[in-house]
Amino acid sequence: MSRSSGVREMGEKAEGKGQRKSGLTAKQAKFVEEYCIDQNGTQAALRAGYSEKTAYSIASENLRKPEISAVILERMAEHRARCESSIDGLTRKLWDICTAAMHRNQNSAAVQAVMAIARLHGFLNKDANNGELGFDLAAAILEGHKRVRELREPDEQHRLSSAI
């Protein structure tokens, strides 16, 4: 708003009535904060103070609003950068868990790690024919092993060159 004329310039948002600099109301900002915790829209709406009757529809509506989804994406990207997490890093960690579990004869833990790798890389999905979960375990194991080997090659080459 121009101080001299008292007229709001085009594109400027009102910051009264619960509006913030991001263009979100206080409740919407709280919704974003809560949604980033567990990615559960209904629960985020409830924790943000929306009524139990409208939480589901408000969550759905909020997630479709470009200004809200943009802030959520920005927050999640910041979180990933802070945590230095990536699919490659997660795959490496899960494969390490799987390998350690197999060495200790902890087959259940190894299978769980392989299942997590399968989900991470999209091998575990709904079957279009019968709606049940299914995946090719062999393909998941081979893909995970191949991916980990590819990710470790630069590390191994670095170790070999520094040892020379």
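Using the beta-carbon distance between Leu90 and Thr54 and R0 = 45 Å, what value does 1/(1 + (r/R0)^6) give for FRET efficiency, to the nearest 0.05? For R0 = 45 Å, the calculated efficiency reads 0.80. Working note: Karplus 6.51/-1.76/1.60 with θ = phi - 60° gives segment 39-50 the couplings 6, 10, x, 5, 5, 5, 5, 4, 5, 7, x, 6 Hz, where Gly and Pro are set to x. Shown in residue order for segment 112-119 are the 3J(HN,Hα) couplings computed by the Karplus curve 6.51 cos²θ - 1.76 cosθ + 1.60 at θ = phi - 60°: 4, 5, 5, 4, 5, 4, 4, 5 Hz (x for Gly and Pro).
Exposure proxy for Leu151, Leu73: other Cβ atoms within 10 Å of each Cβ, ordered fewest to most, give Leu73, Leu151. Remark: the Thr99-Thr25 segment gains 21.8 nm on full extension, using 0.36 nm per residue and subtracting the alpha carbon distance.
For Ala45, neighbours were defined as the other residues whose beta-carbon sits under 10 Å from its Cβ, and their charges (Lys and Arg +1, Asp and Glu -1) total 0.
Per-residue 3J(HN,Hα) values for segment 97-106, derived from phi via the Karplus relation 6.51 cos²θ - 1.76 cosθ + 1.60 with θ = phi - 60°, read 5, 4, 4, 4, 5, 5, 5, 9, 6, 9 Hz in sequence order (x marks Gly and Pro).
When you count the other C-beta atoms within 10 angstrom of each residue and take the mean per peptide, 105-117, 51-63 line up highest first as 105-117, 51-63. Principal semi-axes of the equivalent ellipsoid, √(5λ) from the alpha carbon gyration tensor of segment 33-103, are 33, 15, 9 Å from largest down.
Read the figures in this text as sums done on the coordinates, not as results from a lab. As the structure is a prediction and not an experimental result, all values here were calculated from the model. Backbone-built Cβ (ideal geometry, glycine too); neighbour counts: all protein chains shown.
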